[in-house]
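Please read the structure below before turning to the comments.
The values are calculated or read from the model by the stated rules, or taken from the named source; none is laboratory data. As the structure is a prediction and not an experimental result, all values here were calculated from the model. Glycine gets a Cβ as well: all are built from the backbone with ideal geometry, and neighbour counts include every protein chain shown. When the accessible area is computed, the model is the full protein with side chains, heavy atoms only, and any ligands, DNA or RNA have been set aside. Shrake-Rupley method; radii C 1.70, N 1.55, O 1.52, S 1.80 Å.
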Amino acid sequence: MLQEISSELNYVTEGIALLHHMGSDKSFPALKESLCKKYDITFHAGNQKFDLLTQIEQNARNVFREEMKEIQYYFSIYGANESKSPNVSCAGMLTLLWRDHSNKFFKDTEEIRAYLDSLSEEDYCEKFGVELQFYNEILKDESEILPIKEPLDIISYLMKMEVADEEKWKLQKIFCDRAKHREKVLYFLDKAITSLKMFQAELDELVTQFIHYWNEILKDYSIAAYMHKIAMADLGENPFGFCLFPSVIDCNKISINMELETDGSYKQPDTYIVGILFGDDFQFWANHTNDDRIHANYAAQVLKLLSDKSKFEILSYIRDKESYGSELAKHLHLTTPTVSHHMNALIAAELVTIKRIENRVYYLSNKEKIEEVLRYCCKTLTGKDTIL
């Protein structure tokens, strides 16, 4: 199995993540508090990482002190959902067609500008249309993407999207006056990259730690096998192998890019971008502890999800059979984006496992996890191990 663990940090990607972080009004101290509470973690090496991230955050806020309203306009998260995913969309990333080339790892903003300038009108419309169809969704089957190649088709699709009218007008402005908005976003990205490079020595040390940690983890596994082992995500083994890249700003997240042919075969190595927070004191798939307080919080979260009729029906439908997004949408009389929204929350709560078959993503209920929560509730509320 061919593999590569990158020894270089991509400052363009990190700059986008930093703008996204600031525009979404997040903070690293709040993230640390949340992780400690959710997983009952005592950070050691993680404390040093958070200290550096907090310094980077404070410096960036000083750099953009007079421009925060514009940063929020382009990089606030639209429709932040129950899954609290880092992958939900924002206007700034759409402006740069970010999903289209996020795995190309441009070295600077000039390369991004040159790439966007090279696109024909038809190519731009087609790529913008794909971006719109992924807007505010984490998982989407490639087979469900509609071909949109004309400007009027873009506007028509945009007007039908399940987003607020204010957001529709913003996206329409970005599409129609793309050059103006592109230059503004690239200007902000340049400033973000410059602010990050003020900490280059410290960031290089984090990357060194990242390489050492993942070399140890993956000496006996491919990353796909490792994810299947600990997270029950069956993404398949790519014969071309994989590339693993460090992510600093999205320090506790993972993103995956797989380039597939129409028949589901692989085009190139899979790309994994993994947060630098993962290490000996924060495992790749941090499970909820057996501490009653922590387990009670998790049980309450699951019960809240189960109380939603659509989520309950989704789990019922995929109880014994794997299903993909549009199949669920048709059966439950929901739109595919609505199914994706519900699914994001269920996956984040570990109630659903995923499996890739050819170019589709299939979902299956995690019955063991559901049973675990219900047993806990039964024992806590009735004193019995089972309802019967």
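Taking region 229-284, which trypsin sites (Lys or Arg not before Pro) meet the DSSP loop condition and have no more than 12 other C-beta atoms within 10 Å?
Values: sites: Lys229, Lys253, Lys267; in loops: Lys253, Lys267.
Answer in residue order: Lys267.
Using a 10 angstrom cutoff on alpha carbons, build the Gaussian network for the chain and name the most mobile of Asp108, Asp220, Asp100.
Taking springs between Cα atoms under 10 Å, the residue moving most is Asp220.
Using the crude model of +1 on Lys and Arg Cβ and -1 on Asp and Glu Cβ, and no other charge, please compute the dipole size for region 141-189 relative to its Cα centre, in debye to 20.
Numbers: 9 positive and 11 negative charges, 88 e Å.
It comes to approximately 420 debye.
From the residues Leu346, Leu119, Ala300, which one has its Cα farthest along the dipole of the chain in the positive direction, the dipole being from +1 and -1 charges on Cβ of Lys/Arg and Asp/Glu about the Cα centre?
Result: Ala300, furthest along the dipole toward the positive end.
Pick from Ser247, Ser340, Ser156: which is most flexible by mean-square fluctuation in a GNM of the chain where alpha carbon atoms under 10 Å apart are linked?
Largest GNM mean-square fluctuation: Ser156.
Kirkwood hydrodynamic radius of region 171-229 from all distinct Cα pairs, in Å? Provide the component values of the computation, followed by the final result.
Numbers: mean 1/r = 0.0659 Å⁻¹.
Hydrodynamic radius (Kirkwood, Cα only) of region 171-229 equals 15.2 Å.
Of the listed pairs Lys127/Lys253; Lys69/Lys180; Lys26/Lys191; Lys49/Lys69; Lys253/Lys367; Lys304/Lys369, which have alpha-carbon separations greater than 21 Å here?
Details: Lys127/Lys253 25 Å; Lys69/Lys180 17 Å; Lys26/Lys191 19 Å; Lys49/Lys69 28 Å; Lys253/Lys367 25 Å; Lys304/Lys369 15 Å.
The answer is Lys127/Lys253; Lys49/Lys69; Lys253/Lys367.
Please check the chain for the longest run free of chymotrypsin sites (Phe, Trp or Tyr not before Pro) that are loop-located per DSSP (anything but H, G, I, E, B) and have at most 15 other Cβ atoms within 10 Å. Please report the intermediate quantities before stating the final value.
Details: sites that count: Tyr221, Phe240, Trp285.
The answer is 1-220.
Put one equal scatterer on each alpha carbon of the chain, apply the Debye formula with no solvent term, and list log10 I(q)/I(0) at q = 0.07, 0.09, 0.11 1/Å to two decimals.
-0.33, -0.56, -0.87
Using a 1.4 Å probe over the heavy atoms of the protein chains, calculate the carbon and sulfur portion of the accessible area of the chain as a whole percent.
Values: 9790 of 19140 Å².
Percent of accessible area from carbon and sulfur atoms in the chain: 51.
Sequence gap at least 6, Cα distance under 8 Å: using those rules, report the relative contact order of the chain to the nearest whole percent. Intermediate results must be reported in sequence, preceding the final value.
Details: 507 pairs, mean separation 84.3, N = 388.
The value is 22 percent.
What lysines does Lys267 reach when the alpha-carbon gap must be under 16 Å and sequence neighbours fewer than 8 apart in one chain are set aside?
Lys104
Can you tell me the accessible area per residue over the chain, all protein chains present, probe 1.4 angstrom, in square angstrom?
49
Which value, in debye to the nearest 20, describes the size of the charge dipole of the chain about its Cα centre when Lys and Arg Cβ atoms bear +1, Asp and Glu Cβ atoms bear -1, and nothing else is charged?
Values: 45 positive and 62 negative charges, 229 e Å.
Taking the Cα centre of the chain as origin, the dipole is about 1100 debye.
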